[in-house]
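What follows is calculated from the coordinates using simple rules that are stated; it is not laboratory data. Note that the structure is predicted; figures quoted are calculated from it, not measured. Glycine also receives a Cβ, built like all others from the backbone with ideal geometry; neighbour counts cover every protein chain displayed.
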Amino acid sequence: MQWMVDRMTLLPTGLLLVGLALGTALLAVVVAWLARVMLFDRLADPTEVRGTVADVVHGSLLAFIVFVLAHVLTDVRANLGHADDQALHEASVVRRLDRELKAVGDAEAQSARVLLRGYVSSAVTDEWKTLSTADPDLSPSTESALTAFVGATRRVIARHEDSASSIRTLLDRLEEARQGRFENATKTVPGMFWWVISLFLLAAMAMNGRYPGTWKSNLIIAIHMGAIGMVVALIVNLDEPFRGASGISPAPLAKSVGIVVPR
């Protein structure tokens, strides 16, 4: 299940929304037909399956699905927005750090600026890729670039007490921002959620088999379940902040030191 979700994440947003809506609608009609033929039409009194108890069960399944999907959609949207805000904050920290080192002006500070540019270049190319994988992680090469920059910057701090406080503060914020990127990349919907919501969806689709198999009822079932499929597609699309069509762009971070991100 998780493998399929990971593949869908890479699809363009429009294709994912339309494809999952149509796929869910078609599956709902097929499952309802199978349930009708194999179960409900064989009951001694088929009208019982459209009674109060069946309505309560069907309504409860749909209410649970809608509630859970709405809650998860809110969570993934909030996580994406938070990750986007943190990326912009990181770009601001880098810009201020570069400005502080430029103001110092000596050879060591200029060398530190070059290393800062190297760190950002590694972050927006290599580390953005490692964060966008199915198992996100920080990049070892970016870690090495950051270590080299931190060492050079600490030597600048030791020689310039007047700028030491502000540079040290910005340096701490830079490392915190990088760790924040990693934390946001790993806050994804757990694989068990997809199994549970799939089982509840299949159960709700099967309960639709209680109704006569006319083209009107099939159309209503398709529209209803297709709408739910689109919500699922939105969750898939927004779930991983650094992956897929809705993934956060590294452009603001790259622009903070004058780097052009390759497309």
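Computed quantities for the displayed model
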item	result
Amide H within-cut-off set for Phe242, under 5 Å, with H built and near neighbours excluded	Ile248
Pairwise FRET efficiency - Trp215 versus Lys255, Cβ, R0 = 51 Å, nearest 0.05	0.40
14 Å reach of a label modelled at Leu10, 7 Å along Cα-to-Cβ, counting backbone N of region 232-251	243-245
Region 147-263: C-alpha pair distances exceeding 26 Å, %	53
Cβ-placed point charges (K, R +1; D, E -1), dipole of the chain about Cα centre in debye, nearest 20	540
Nearby aspartates and glutamates by direct alpha-carbon distance to Lys129 (threshold 12 angstrom, same-chain neighbours under 8 apart not counted)	Asp137
Over region 2-255: Rg over Rh, Cα atoms, Kirkwood Rh	1.22
Estimated FRET transfer efficiency when R0 is 35 angstrom, pair Val57-Asp135 (beta carbons, to 0.05)	0.35
Computed [θ] at 222 nm, deg cm²/dmol, the chain (DSSP H ≥ 4; -39,500 (n - 2.57); rounded to nearest 500)	-26000 deg cm²/dmol
